[in-house]
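First comes the structure, then the notes that go with it.
The values are calculated or read from the model by the stated rules, or taken from the named source; none is laboratory data. Every value quoted in this text rests on a predicted model; they were computed, and no experiment measured them. Heads up, the Cβs are rebuilt from the backbone with ideal geometry, glycines too, and the neighbour counts pull from every protein chain shown.
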Amino acid sequence: MYSVEILKLASEDVEEIYYWFEEQKFGLGDAFLESLGTRVSEIAKNPFQCEDKFREVRKAFTERFPYVLYYKIHPNNLVIIHAILHMSRHSIAWKSRVKQETLPQ
């Protein structure tokens, strides 16, 4: 099993998405968090299951919601999630985050 760390900007993505869904319909934000949690657990079990998209950054799609998790696998069984973005967002958004990568303390 791998440890999963979510970088600050990715955590901010989650918060923004959650509140947007809650504004649309009460409880939908919680459904998004549940879907996201399931996907993160799957990544922790087998991070190599998802496509290597760009410079070792992999992408995993959430179920039911049009969002993608962008992550890298690091030594010592560590997975770092850099971004959680809507599928329609341009790739520059997550690529710039990986370039300015700062690992959690």
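Numbers below:
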read-out	value
Output for region 6-30, where each listed residue is surrounded by fewer than 14 Cβ atoms within 10 Å (Cβ to Cβ), of a type outside the set (Phe, Trp, Tyr) and in a helix (DSSP H, G or I)	LYS8, SER11, GLU12, GLU15, GLU16, GLU23, GLN24, ASP30
Criterion (among the β-branched types (Val, Ile, Thr), at pLDDT below 95 and closer than 18 Å to GLY37 by Cα) met by exactly one of VAL68, VAL98	VAL68
Tabulated pairs, region 40-66, first surrounded by 14 or more Cβ atoms within 10 Å (Cβ to Cβ), second of a type in the set (Ser, Thr, Tyr) and part of a helix (DSSP H, G or I), C-beta under 6 angstrom, 6+ apart or interchain	THR62/SER35; PHE65/SER35
Given (1) within 17 Å of MET87 (Cβ to Cβ); (2) modelled with pLDDT under 95, index of the condition ILE17 fails	(2)
Number of the exception - SER35 against (1) exposed (fewer than 13 other Cβ atoms within 10 Å of the Cβ); (2) among the polar types (S, T, N, Q); (3) under 15 Å from LEU69 (Cβ atoms)	(1)
Meets criteria (within 14 Å of VAL4 (Cβ to Cβ), at pLDDT 95 or above and either of a type in the set (A, V, I, L, M, F, W, C) or surrounded by 12 or more Cβ atoms within 10 Å (Cβ to Cβ) (or both)) for LEU103	no
Pair list, Cβ < 6 Å and 6+ apart or interchain, from region 2-30 residues that are within 20 Å of VAL79 (Cα to Cα) to residues that are at pLDDT 95 or above and of a type in the set (Gly, Ala, Ser)	TYR2/ALA44; VAL4/ALA44
Any hit, region 43-52, residues being of a type in the set (Gly, Ala, Ser) and either at positive phi or in contact with a Pro (Cβ under 8 Å, 6 or more places away or on another chain) (or both)	no
Residue in region 32-39 that is under 12 Å from LYS72 (Cβ atoms), touching a residue at least 24 places away in the same chain (Cβ under 8 Å) and under 11 Å from the mean Cα position of the chain (by Cα) present	no
